[in-house]
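The values are calculated or read from the model by the stated rules, or taken from the named source; none is laboratory data. Fair warning: this is a prediction, and the values are worked out from it, not measured in the lab. Heads up, the Cβs are rebuilt from the backbone with ideal geometry, glycines too, and the neighbour counts pull from every protein chain shown. These area figures cover heavy atoms from the full protein model, side chains too; ligands, DNA and RNA do not enter into them. Shrake-Rupley method; radii C 1.70, N 1.55, O 1.52, S 1.80 Å.
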Amino acid sequence: MIDGAKRPVILAGHGIVRAEASALLGTFVEKTGIPVASTLLGLGGFPATHGLALGMMGMHGEAWVNQAIQEADLLVALGMRFDDRVTGNRETYAVNAKKIHCELDPAEINKNVRVDLALVGDVKDTLTSLLSLVAKTDRHGWLDRIGSLKGDSSVRDIQQMPHQDRLFAAHVMHDLWRITEGKALVVSDVGQHQMWEAQYYKHDYPRKLITSGGLGTMGFALPAAIGARFAMPDEEIWVVVGDGGFQMTACELSTAAQEGIKLNVAIINNGYLGMVRQWQQFFYDGRYSATPLRSPDFVKLAEAHGLTGLRVTKRDEVEGAVALARATPGVVVIDFRVEQEDSVYPMVPAGADLHDMIRRPSPLVETAADE
Ligand SMILES: Cc1ncc(C[n+]2csc(CCOP(=O)(O)OP(=O)(O)O)c2C)c(N)n1
């Protein structure tokens, strides 16, 4: 099936990371020439900057990734479970593709999506066996096709925006990735900031992203990062968290202060329970019910714990604040005051066909809160 496919896509999930199968996946991809789409929890399982890395799939995946999946004639699913954030409408999901599901848990087979072939077992063992069987293949035509899709839909890239006096969350994540050279361990919470992190912090290494996936537990990031610090004393660790989620476990600043540990906390402060606000904007005629959010002064809150607090309101302040945070011992909390009503694009509405994406309006300024 793999050798005969004309338009194959690998779907790499958390199983790749958990099975320590990243290097093996790299070898498999080099041999078969098959491009790789990742789930949220699969990020870093295959290097994001590799030429055959497509990016994240699903609800907030890149448009071209979802289009490639819909055009594929074969999906090779590795340690992932076809959850609803990945498939959208299951009736119209990748209908042209045969599906091979390599998965440890037999209960996942045919649970969400019917597959043509199931290989149950540790994905590392499965890949090892497959590697000697598959042929080295040139897939230029298919890769060119995906490249042309990418050309169509990369308009959502906001990095080139002229507004230096304003701050978009995407700017913060991009700059954080650039300044830390993609090497930090990022612990993200749940919401828009989690998706922007996934889109703009390019993870080239496994186990460098810790995030609450299926359970989506707000308040996860700060305590999880404290745990990560004890497990990884020498890593550079960044918490990426919304103003809502941060307030759910902000008391753990005391724990971090008491233990005297080093952490950097990037609060993506948009003054809303942003992901819910976005759904209210898109699907409930902009009725913002219980999503506007009042927060304490996060700089003073950090200082009240004897920690360092910084505030950033413009893009040209990001670099200096990140550098200061990296150089300062103890916990540093940065209150990034980002655009309040920005949304995560593209978005496949829940249960919709992967083609039915909501894209970033153009020109971009239409989305700004103060326009
Ligand atoms: C404990 C908990 N309560 C509620 C939710 C539902 N929920 C998902 S995202 C979100 C909003 C998150 O807001 P914020 O932390 O400010 O982050 P933003 O989306 O603005 O980046 C909510 C309420 C959840 N995932 N977890």
Worksheet entry | Net charge contributed by nearby residues that have their C-beta within less than 12 Å of ILE210 (K/R +1, D/E -1) | 0
Worksheet item: Hey, got the dipole for the chain? About the Cα centre, +1 on K and R Cβ, -1 on D and E Cβ, debye to the nearest 20?
Response: 460
Item to complete: Please say if region 1-160 is rounded, prolate or oblate, where rounded means a/c under 1.5 for a ≥ b ≥ c the square roots of the C-alpha gyration tensor eigenvalues, and otherwise the choice is prolate for a/b larger than b/c and oblate otherwise?
Response: rounded
Item to complete: Please name which of PRO47, GLN247, THR313 has its Cα lying farthest along the dipole of the chain towards the positive end, using unit charges on Cβ (Lys, Arg +1; Asp, Glu -1) and the Cα centre as origin.
Response: PRO47
Practice prompt. Using only protein heavy atoms and a 1.4 Å probe, report how much of ASP105 is accessible, in Å² to the nearest 10.
Written response: 70
Worksheet item: Using the Karplus equation 6.51 cos²θ - 1.76 cosθ + 1.60 (θ = phi - 60°), what ³J(HN,Hα) coupling, rounded to whole Hz, does each residue of region 281-296 give in order, writing x for Gly and Pro?
Response: 5, 6, 10, 10, 6, x, 7, 7, 8, 6, 9, x, 10, 8, 10, x
Worksheet item: Any idea what Rg and Dmax come out to for region 19-83 if you just take the C-alpha atoms, in Å?
Response: 11.2, 30
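Quick one: plug the Kirkwood hydrodynamic radius of the chain (C-alpha pairs) into Stokes-Einstein at 4 °C, 1.567 mPa s, and report D in µm²/s.
It diffuses with D of about 61 µm²/s by this estimate.
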Worksheet, complete the sentence: Computed over the chain: longest principal axis from alpha-carbon atoms vs helix 221-231 long axis, angle to nearest 10 degrees, is 80
Worksheet, complete the sentence: For THR32, the net charge from surrounding residues (Cβ-Cβ under 9 Å; K, R +1; D, E -1) works out to +1
Worksheet, complete the sentence: The set of residues whose placed amide H lies less than 5 Å from the amide H of THR308, leaving out same-chain residues fewer than 5 positions away, is VAL331, VAL333
Worksheet item: Placing +1 at every Lys and Arg Cβ and -1 at every Asp and Glu Cβ, with all other atoms neutral, what dipole size does region 233-330 have around its Cα centre, in debye to the nearest 20?
Response: 400
Worksheet, complete the sentence: Per the C-alpha gyration tensor (a ≥ b ≥ c, the square roots of its eigenvalues), region 214-371 is rounded if a/c is under 1.5, else prolate if a/b beats b/c, else oblate; here it's prolate
Practice prompt. Kindly express, to the nearest 10 degrees and within the range 0 to 90, the angle between helix 318-327's C-alpha long axis and the longest C-alpha principal axis of the chain.
Written response: 80
Worksheet, complete the sentence: For the chain the mean separation of alpha carbon contacts under 8 Å (6+ apart) over residue count, i.e. relative contact order in percent, is 17
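With a ≥ b ≥ c taken as the square roots of the eigenvalues of the C-alpha gyration tensor of region 51-91, please select rounded if a/c is under 1.5 and otherwise prolate if a/b is larger than b/c or oblate if it is not?
Taking the square roots of the gyration eigenvalues as a ≥ b ≥ c, region 51-91 is rounded.
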Worksheet item: Which value, in debye to the nearest 20, gives the size of the charge dipole of region 54-149 about its Cα centre, when Lys and Arg are +1 and Asp and Glu are -1 at the Cβ?
Response: 100
Item to complete: Return the sequence-ordered ³J(HN,Hα) values of region 252-262 in whole Hz as given by the Karplus equation 6.51 cos²θ - 1.76 cosθ + 1.60 applied to θ = phi - 60°, using x for Gly and Pro.
Response: 6, 4, 4, 4, 4, 5, 4, 7, x, 8, 9
Fill in: Expected 222 nm ellipticity per residue - DSSP helices of 4 or more, -39500 (n - 2.57), all of the chain, to 500
-9500 deg cm²/dmol
Worksheet, complete the sentence: If each K or R counts +1 and each D or E counts -1, the residues other than PRO233 whose Cβ falls under 14 Å of its Cβ total -2
